[in-house]
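Read the structure below first, then the notes.
The values are calculated or read from the model by the stated rules, or taken from the named source; none is laboratory data. If you're wondering where the values come from, they're calculated on a predicted model, not measured in any experiment. Virtual Cβ from ideal backbone geometry, glycine too; neighbours counted across all protein chains shown. Just the protein is used for accessible areas: all its heavy atoms, side chains included, with ligands, DNA and RNA removed. Shrake-Rupley method; radii C 1.70, N 1.55, O 1.52, S 1.80 Å.
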Amino acid sequence: QVQLVESGGGLVQAGGSLRLSCAASGRAFSTYVMGWFRQAPGKEREFVAAINWIGGSTYYADSVKGRFAISRDNAKNTVYLQMNNLKPEDTAVYYCAARGSTVVVKTPSGYAYWGQGTQVTVSS
């Protein structure tokens, strides 16, 4: 069982940066694939980034590649999403998710555990 709590969202101007954090409970954290998803009003939840359990492989949606960076600290049971050069279209609720597998997938249905979400708003 894994419980996830996100933090770090807020309001930022276009071109600015934010860092999201996701604190996880559960002794098996280091073995889980961790992902970030986002959902804008009226849209489906979409993949943003994922990182495998050892932290050596990262995966990004094309829309954020080169601007966002996912990382994890297994000693702190925390995964991060550094978001740079933010755009108004990045505005959404961002969710942290955990998958009890070593295989990374990009679909929300592949993740069993979810945080409550944190709002990110980018003004133009």
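What part of the accessible area of the stretch 37-118, given as a whole %, is carbon or sulfur when the probe is 1.4 angstrom? Please report the intermediate quantities before stating the final value.
Values: 1970 of 4060 Å².
Exposed carbon and sulfur together represent 49 percent of the surface.
For Val103 paired with Ala23, estimate the spin-label separation in nm (one decimal), with each label point 7 Å from Cα along the Cα-to-Cβ line.
3.4 nm
So, with +1 on the Cβ of K and R and -1 on the Cβ of D and E, and no other charges, what is the size of the charge dipole of the stretch 1-111 about its Cα centre, to the nearest 20 debye?
It works out to roughly 160 debye.
Within straight cross-link reach of Lys65, meaning Cα distance under 18 Å, which aspartates and glutamates are found once same-chain residues fewer than 8 apart are removed?
Cα-Cα hits under 18 Å: Glu46, Glu89, Asp90.
Sorted by accessible area with a 1.4 angstrom probe, largest first, how do Ser109, Ser17 fall? Working shown, then result.
Details: Ser109 110, Ser17 60 Å².
Of Ser109, Ser17, the descending order of accessible area is Ser109, Ser17.
Which whole-number value in Å³ per residue fits the convex hull of the alpha carbons of the chain?
89 Å³
Select from Leu20, Asn74, Ala50 the residue farthest towards the positive end of the dipole of the chain; place +1 on Cβ of Lys and Arg, -1 on Cβ of Asp and Glu, and compute about the Cα centre.
Of the options given, the answer is Asn74.
Mean separation of Cα pairs under 8 Å and 6+ residues apart, divided by the residue count of the chain: what relative contact order is that in percent?
Across the chain, relative contact order equals 36 percent.
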